[in-house]
Every structure is written in C-alpha cells, then in structure tokens.
Amino acid sequence: PSQVSSRPSAANAATPPTTAAELGRVAWGPVVAFALLGALIAVGAALADLSRSEPALGHLVVTSEEDPAADVLVEDGLDHPIDPVGRHDGAYFYAISRDLWDLDAAASHLDRSHYRMQRIFFPAVAHLLHPSPGPGLVWTMFALGAAAIAAGGVATGALSQSLRGPPWIGVAFGALPA
C-alpha cells in the first residue's frame, strides 16, 4: 500500500495554494517583531528627515499665511506653524481633528471642505486618542501613522507566511520608501 505524503512534491512546490486548507500557518511572534522593526525604521527615517528638512519644508504640521488652517495652528501654539513654502495636508487633518464635534467650525479652516471631510477616519481616531488641541494632538497623529505602518507590516508578513513565505517580508512595508 502506498502512503500519501503531506509534504508537497517537487512538481507541486511551484504551484501556489488555492484553498484555505492549503495555506500555511502564521507564526505571529516573528511576523509582529519584523513589522515593529519596519515601523521603527520608518519612524527613525521620518524623524531624521524632519530634522534635516524642517528649515525648508516646516514642521510636522505647517501651512502658509493665506491658508484657511493658519489661524488655528497659530491659536493652538504649534511649533513654527507658518512657513511661506509650507502647505501640507497635515494642517487640514489637524483642523478636522481639533473640531471633530463641530464640523462647521472645522470646515471653515479647510481649503476644500467637502473633499477633506470625506477623509475623516484618520482625524477622528486621532481626536479620540487625544481630544485636546495643541502639540499633543500633532504627535498623536504622528504616532497613529506609525501604528498604521506597523499594522501594514503585520498584514504583509502574515500574508507572506500564509503563502509559505518568510515572515521578514513584513519589515519591508515600513523600511522601504513610499
């Protein structure tokens, strides 16, 4: 009698799994560790780039004087919120997050309010984590971005593992430039 082996034959090794039963198990420890390493690399690169480019591009949340969000950034005492060449989307996310429960007030600080309000998930989560305006909200937004990078790394590593790949692929999600 012949025995059926659970190991794939050489002919089947190149074919990807097609059913849930054929997918591999995920070793969550290495997947999470590599995802956190990728997020740490991304955060380190972002902070290094911020320190290098701040004189030219401004701080984490910056805008120009004529921008509708400028008055709230100055009012809330953010670090160097006005820059002649600055105009990042972060100022609009900040304006929505600080006035989350009064969207009419938030809309008055946006350039294209209908468009900006369609992207409310990120500022809403930032507000729920830090409901007070000011520098703490800005750094909460930064930390939320870092957490999203880590989650993307976990998803990438888990997908790789479930398709019989290595868990270290998850580090690439955060470590590779966008």
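The values are calculated or read from the model by the stated rules, or taken from the named source; none is laboratory data. Computed from a predicted model, the values in this text were never measured in an experiment. Here the Cβ positions follow ideal geometry from the backbone for every residue, glycine too, while neighbour counts run over all protein chains shown. All accessible areas refer to the heavy atoms of the entire protein, side chains included, with ligands and DNA or RNA removed. Shrake-Rupley method; radii C 1.70, N 1.55, O 1.52, S 1.80 Å.
So the values come out like this:
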| read-out | value |
| --- | --- |
| Packing-based order for 102-110, 146-154, 88-96, using average beta carbon neighbours within 10 Å, highest first | 88-96, 146-154, 102-110 |
| Whole-percent carbon and sulfur share, accessible surface of the stretch 119-178, 1.4 Å | 78 percent |
| Area accessible to solvent at residue 119, 1.4 Å probe radius, in Å² | 100 Å² |
| Estimated FRET transfer efficiency (residue 108, residue 143; beta-carbon r; R0 35 Å; 0.05) | 0.80 |
| Sequence of 101, 168 when ordered by accessible area, the most exposed leading, probe 1.4 angstrom | 101, 168 |
| Efficiency of FRET from Cβ geometry, residue 163 and residue 101, R₀ 30 Å, rounded to 0.05 | 0.10 |
| 10 Å-binned pair-distance histogram of the stretch 65-167 (Cα, whole percent) | 15, 40, 24, 12, 7, 1 |
| Segment residue 155-residue 48, length gained on full extension (0.36 nm per residue, minus Cα span) | 35.9 nm |
| Per residue solvent-accessible surface (Å²) - the stretch 55-178, probe of 1.4 Å | 52 Å² |
